[in-house]
Amino acid sequence: MCSAAKFLRLLQGCNSMDRLRKIHAQVLLQGYHGHPAVSAKLLSFCATSAAGDLAYARRLFSGILRPATDHWNALIRGSSRGPAPLDALSLYNAMMRRASSRPDAFTFSFLLKACALAKDDPKCREAHASIVRSGFFSHVIVGTNLVRAYADNGSIDEARRVFDEIPDKDLVACNSMISCFCRAGLHDDALKVYDRMRQSGVGLDEFTAVGLLSSCAHLGALGFGVRIHKFAERNGFLRRNVFVGNALIDMYAKCGRLDEAHRVFDGMRRRDNFTWNSMIIGLGIHGHAEKSISLFQRMLMAGVRPNSISFLGLLMACSHHGLVDDGLKYFQRMGSDYNIKPDLKHYGCMVDMYGRAGKLDEALEFIHNSPFKDDPVLWRMLLSASRIHGSVEMGEIAIQNLIEMSANNAGDCVLLSDIYEHAGDSQGVARMRKMVKDQGIKTTPGWSWIEIHGEVRKFVVGDTSHAESEEIYKKLEEMISRAASLGYATERSTEWLENFVDSTSDYHSEMLAIALGLLRTPKGTSLQIVKNLRVCKDCHSLTKYASRIYDREIVVRDRVRFHHFKEGICSCNDYW
DNA sequence: CTAGGGTTAG
């Protein structure tokens, strides 16, 4: 004699479709297929377990006379994770048409998961409307799903609005919002969620710490990061959870504290791929290419398998340091020894590495032999390398390729114009200026910031908006005249485009930040600057003098790497 | 055990 309870037990232990078919046959034979719990269990196995079969689930479902909410949910959930996530929406619509049962919070959670996976913004809005109609918009889990779905679709403002309207935001909802802001690059907003969390008393956990640390890393917000570190230590997050240690390593490395990053690394009981990669990348961006390589060796000896990002870190390290032979060796090994296919970024590192080392012919050959020769990125790298090494010939080859693929922009013209200028070709300069005019200039505005007494002070090029501007400019003039007496000569150029538009006499943002740092911090304090673009040659040179004249350590985080200036020397050895 | 959250690169 078989009862419903017996079937439910059997289904609990079921782990394959073969087994399920046998149980299903028994269910049919003994007339239990109409039993709601039994049919729901059968359905949920087929639709949602890894060993399931969605087509079988659909057949099962069509045999159910009056499907209950749970039946619909199982099928919607299964579809949302399948190859056609939007089937979940069609199922939902069918559910509403048949009206045999009402959707619940689970229904909407699965529906939103489908919208997020499908990256379909209109469907997401449609689901949102259904949620509002059904009165579930204030449900915290549905709301969290909706935030995620909008964010995954790139509608971060909509995600923010939904989050703001959740009446009882809990810890998970806040953590989700933080990670969405983080992924959208809105790091200030991510940190602001933390302030709200502190006020509302939802607490914070490992997830919060990891998200916030990632934003601190992107911003270079050391002070904030240290606070989270202390909190994590007090609460034992570090011992429990490898993610927190990984995020800390990254944060310290990106905030200029390689020593602290190393300390966290050394103290970790468990290390995964992320741990090693973050440390390898950290060493690389600080210019310690050899240490980065030896850490990679240690990673191999520890039995951790490198992935595509490990190699990217390694190649970046080699590229920053001009280790062309090592770079090529690892580039080849990633395919031959580890079966990892290099992607565009790996090729980019290689072109950059050859280019900056002055091996322009090799760079060109490398592009031609790569599967990405139709991508403007590589040609633009060649163009910028041509500018560093003053090669008119290669610069023209690069821009010609960009023009052929209709990818040339004003920035490219500025670079080539610069090359012509150095070569004394005034006609070339004029041609480029005309091209720029025709296209209109679109550049990323440059900014730098420095943290002084816990306060972030941000500068743009030629900034005069600060209360102490007059004092800052006076300090800069003093710095320049003292540097000049030691041999400094201005090398103003249009480099990195920060001040292309008629403002070649204005000071770049990092110099303003450094001047304020010198004025407002005690003698001997080291200065930390974060900059969104790359440092130009002139500022680099002036900063070297400044470190010597004022006897200060000055650390500048550039768009791609760190420069540690001390006693008139930079850690990059003028190679960057 | 029918639901929502995490790190590196770009």
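The values are calculated or read from the model by the stated rules, or taken from the named source; none is laboratory data. Bear in mind that the values here come from a model prediction, so they are computed numbers and not experimental data. Methodologically, a virtual Cβ is constructed for each residue, glycine included, from the backbone with ideal geometry; neighbour enumeration extends over all protein chains shown. Keep in mind that these areas ignore ligands, DNA and RNA; they rest on the heavy atoms of the full protein, side chains included. Shrake-Rupley method; radii C 1.70, N 1.55, O 1.52, S 1.80 Å.
To the nearest whole percent, what portion of all C-alpha pairs in region A:448-570 is separated by more than 21 angstrom?
Of all Cα-Cα distances in region A:448-570, 31 percent exceed 21 Å.
Can you flag which of A:LYS119/A:LYS531; A:LYS345/A:LYS373; A:LYS437/A:LYS537; A:LYS41/A:LYS119 are past 22 Å Cα-Cα? Mind showing how you got there, number by number?
Working: A:LYS119/A:LYS531 33 Å; A:LYS345/A:LYS373 13 Å; A:LYS437/A:LYS537 26 Å; A:LYS41/A:LYS119 30 Å.
Cα-Cα > 22 Å for A:LYS119/A:LYS531; A:LYS437/A:LYS537; A:LYS41/A:LYS119; rest within.
When the alpha carbon coordinates of region A:399-465 are projected onto the principal axes, the ranges are 50, 28, 18 Å, largest first. Rounded to the nearest 10 degrees, the angle from helix A:273-285 to the longest Cα principal axis of chain A is 10 degrees. Cα centroid separation, region A:392-432 to region A:501-576: 29 Å.
The residues of chain A expose on average 47 square angstrom of accessible surface per residue, using a 1.4 Å probe on protein heavy atoms. Pair-distance distribution P(r) for chain A, from all Cα-Cα distances in 10 Å bins starting at 0: 3, 14, 19, 22, 19, 12, 7, 4, 1, 0, 0 percent.
For A:ALA5 and A:GLU553, a Förster radius of 56 Å and the Cβ-Cβ distance give a FRET efficiency of 0.15, rounded to the nearest 0.05. If you fit an axis through the alpha-carbon atoms of helix A:69-81 and take the longest principal axis of the Cα set of chain A, what angle between them do you get, 0 to 90°, nearest 10? Once rounded, the angle reads 40 degrees.
What does the helix-only formula give at 222 nm for chain A: each DSSP H stretch with n ≥ 4 adding -39500 (n - 2.57), the total divided by the residues, and the result rounded to the nearest 500 deg cm²/dmol? All intermediate terms of the calculation are to be shown ahead of the outcome.
Working: 30 runs with 371 residues, N = 576.
The helix-only estimate for chain A comes to -20000 deg cm²/dmol at 222 nm.
Beta carbons within 10 angstrom, averaged per residue: use that to sort the peptides A:268-278, A:160-170, A:299-309, highest first.
Details: A:268-278: 18.0, A:160-170: 16.5, A:299-309: 13.9.
Ranking, from highest mean packing down: A:268-278, A:160-170, A:299-309.
Computed from Cα positions, the angle between helix A:187-200 and the longest principal axis of chain A comes to roughly 60 degrees. Take the Cα of A:ASP121, step 7 Å toward its Cβ, do the same at A:LEU86, and the gap between the two points is 1.5 nm.
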